[in-house]
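See structure below.
The values are calculated or read from the model by the stated rules, or taken from the named source; none is laboratory data. Small disclaimer: the values here were computed from a predicted structure and weren't measured. Using ideal geometry, Cβ is built from the backbone for each residue, glycine included, and neighbour counts are taken over all protein chains shown. Accessible surface is based on the protein model in full, side chains and every heavy atom, while ligands, DNA and RNA are left aside. Shrake-Rupley method; radii C 1.70, N 1.55, O 1.52, S 1.80 Å.
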Amino acid sequence: MHILYECIPLKTGKRSVDVSKSENVKSFRKTVATDLDTEPANVRLFALGKMLMDHTADGKLSKLFMTYRIKENTLVHVQISQGSAKIMEEEEPKEQEQEETKDPKEAKGAEKSKEAPTTISDTNEQGSGGVKQDKCTVCNDDDKIKECRECGCVHCLKKSGDPLICDQCEGYWHLECVGLTSVPEEDDWYCPLCINTDVDVVISSGKAVDMSNFKVAKSKGAKTSRSWGGGTSCSGRTSECVIVPKDHVGAIPGVHCGQSWLYRMQASEWGVHRPPVGGIAGTESSGAVSIVLSKGYEDDADNGDEFYYTGSGGRDLSNNKRTGDHATDQELTRFNLALAKTCAAEIDKTKGGKAADWKQSRPIRVCRTYALAKHHPKYAPEEGVRYDGLYKVVKFWQEKGKSGFKVWRYLMRRDDPEPAPWTAEGKELMKKRGLRMIMPEGQKSEERVQYRLPKKVIALMEKDEADKRVWDDLRSAVFWSEYEFLHYLFSEVAVCSSGACSVPIRVSKCSEQC
């Protein structure tokens, strides 16, 4: 595969390098160093918001694909440390002249520093002037701790080896833990918790299903003349929420109760409920963060501030169906287990669990769609998808559903400081804030109330004189919601222009770090 790299200080432009999927970082660093006529120890590599290190935590060689998920045409940013005198003297002739006029003692000290070039491990231990690697928030990268739920394998928790990284949940998995013997050839790899096993083909927007490639092409379900996937509701995301990570728990900053979107894809773009199809967002290891109430199951019941929710699974989804009748019992695994883990109770996979104090359960974002009107019209929005606030799991249990198969049931209760959107108080607050229906790209959303920056935010901007031009440009822009302001701030303003920083940074410090 081809990887691009660029060294901005040397004005190299983007260069292409042919590497294999098993290529390790150390050999790639050597290739780049040879191309730039310097030593490998002087080369620092950055990609996808991370510094590429030669070795993993257990001392094994890091791989471009398996360790850092470097794919076809990924751009790697290259920095040259000051140990590379040969290159730097070509780019900075003036500095060379200044060094010649220095005191002999200083010159002698400079020669010693050249003899001991800065290594990757050295730069990792520098202070604010260097690039600092993010440490694991659970084990703090302590080598004495062999197992970690955050930076270890999702299945066995061990930090050893060179694991695969899931492109959906970004969890680490050993090859043996997912039943593989070699690195997958596909560009995107999904773990057992995230892979979609319901369908074999992903249909792009505007494309119909090509049933001729299916073994069941002669079945009744294959003879449909409907052009599936032709609507905008199935189109891909055009943007992604950068304000918070996708496993964020609680409300999304800037998104208030009553906010609506025409399609679920727009709700996904705002980070409220990221899966464009699934009803539960989350994983077995981290727990659920949001759910959507739609047509659901016949066992569901909605009373507004409290509702009964049926878990996922058990449906017959053959012949590319998105929904179907119950065919098997539901199990407390995957998304069902993710939802159960948010309850402040011990998990019993047979009896379920009940929280002694339900308010200690973890909050879950809840959205309702217009399709809910079929069973519960009182609390369903008239159109699109609506964010209804935070709910918590009171209890969960298994019972035989109306279909005759066993299902997992969850009692959820509202616990949000903002009023519900179906109340008079909630409707008044929605009107005051100017909440409106967010339309897909190509369709203009209504502009109701222009968002005004809070006085304390303006005061902070005025205090930062070093970035006055940046903040003046931001204040001159027009936003129609708090979320759109925050999204623009984090995606366009408080970021590193080189792409080497993994977290939002102060604009004035960007040149010092990168």
Can you pull the percent of segment 1-83's accessible area that's carbon plus sulfur, 1.4 Å probe, other chains left in place? 51
Each label sits 7 Å from Cα toward the beta-carbon; between Val17 and Val277 the label points are separated, in nm, by 3.8
Mind ranking 361-369, 451-459 by how tightly packed they are, going by the mean number of other C-beta atoms within 10 angstrom, highest first? 361-369, 451-459
Got a number for carbon plus sulfur as a percent of segment 260-302's accessible area, 1.4 Å probe? 54
Long pairs among Lys378/Lys432; Lys60/Lys144; Lys26/Lys246; Lys50/Lys246; Lys378/Lys402, criterion Cα-Cα beyond 26 Å: Lys26/Lys246
Can you give me the % of accessible surface on segment 377-470 that is carbon or sulfur? Probe 1.4 Å, all protein chains present, nothing else counted. 49
Please give, to one decimal in nm, the separation of the simple spin-label points placed at Ile347 and Asp37, each 7 Å out from Cα toward the Cβ. 5.9
Please check which bits of segment 19-59 a label hung off Lys158 would reach, taking the label as a point 7 Å along Cα-to-C-beta and the cut-off as backbone N under 13 Å. 58
Within segment 410-495, list the GluC sites (Glu not before Pro) lying in a DSSP loop whose Cβ has at most 16 other Cβ atoms in a 10 Å radius. Glu441, Glu446, Glu447
Length gain on complete extension for the stretch Glu382 to Ser491, per 0.36 nm per residue less the alpha carbon to alpha carbon distance? 36.0 nm
Note on segment 363-463: alpha-carbon gyration tensor, axes a ≥ b ≥ c; rule is a/c under 1.5 for rounded, else prolate if a/b larger than b/c, else oblate; result prolate
³J(HN,Hα), Karplus 6.51/-1.76/1.60, whole Hz, each residue of segment 386-399, x for Gly, Pro: 10, 7, 10, x, 9, 10, 9, 6, 8, 7, 8, 7, 10, 8
Karplus-derived 3J(HN,Hα), 6.51/-1.76/1.60, for each residue of segment 288-293, Hz, glycine and proline x: 7, 10, 7, 9, 10, 9
When the solvent-accessible surface of protein heavy atoms is calculated with a 1.4 angstrom probe, in what order do Tyr309, Tyr263 fall, highest first? Tyr263, Tyr309
Determine the order of Arg334, Arg475, Arg386 by accessible area, beginning with the largest, at a probe radius of 1.4 Å. Arg475, Arg334, Arg386
Roll a 1.4 Å probe over the protein chains and send me the accessible area per residue for segment 243-402 in Å². 43
In segment 362-423, GluC sites (Glu not before Pro) in a DSSP loop with at most 13 other beta-carbon atoms within 10 Å: Glu382, Glu383
